[in-house]
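J.: Sharing a structure, written as structure tokens. Questions coming.
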Amino acid sequence: MNERLRELELRQRQLVLRSSLLRAEIGGEGRRIQASLGQVDRGVTAVRTLVSSPVVLAVTGVAVVLAGPLRALRWVGRGLVALTLVRRVVKLLG
């Protein structure tokens, strides 16, 4: 019976160690997902702020009409790249 008890204790320690490792892994994944969702939240907030301004909507409408939809989309893409770059530079300097 002593041998069986030692086997059970060993198995219990292995399971406790495994569960600790799995909890740490799940925690890391949770933090990664939370960070991604935080970025999405910031993006949604930025879009809501821009869309809530009638001036921005009017300027956007005029730009799309004058430039055409494809060119306007290219401008938006370039603007987003520039904005991301500026934010990273400010973050590095600040």
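The values are calculated or read from the model by the stated rules, or taken from the named source; none is laboratory data. Fair warning: this is a prediction, and the values are worked out from it, not measured in the lab. Please note: Cβ atoms are built from the backbone with ideal geometry, for glycine as well, and neighbour counts cover all protein chains shown.
The rows are residues; the columns are (1) in contact with a Leu (Cβ under 7 Å, 6 or more places away or on another chain); (2) within 18 Å of residue 39 (Cα to Cα); (3) modelled with pLDDT under 85.
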site: 52; (1), (2), (3): no, no, yes
site: 61; (1), (2), (3): no, no, yes
site: 64; (1), (2), (3): no, no, yes
site: 70; (1), (2), (3): no, no, no
site: 74; (1), (2), (3): no, no, no
site: 84; (1), (2), (3): no, yes, no
site: 87; (1), (2), (3): no, yes, no
site: 93; (1), (2), (3): no, no, no
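J.: Same structure again: Considering each of 48, 13 in turn, give the residue that is modelled with pLDDT of 85 or more, part of a helix (DSSP H, G or I) and either within 30 Å of residue 80 (Cα to Cα) or out of contact with any strand residue (DSSP E or B) (no Cβ under 7 Å at 6 or more places or on another chain) (or both).
T.: Only one candidate qualifies: 13.
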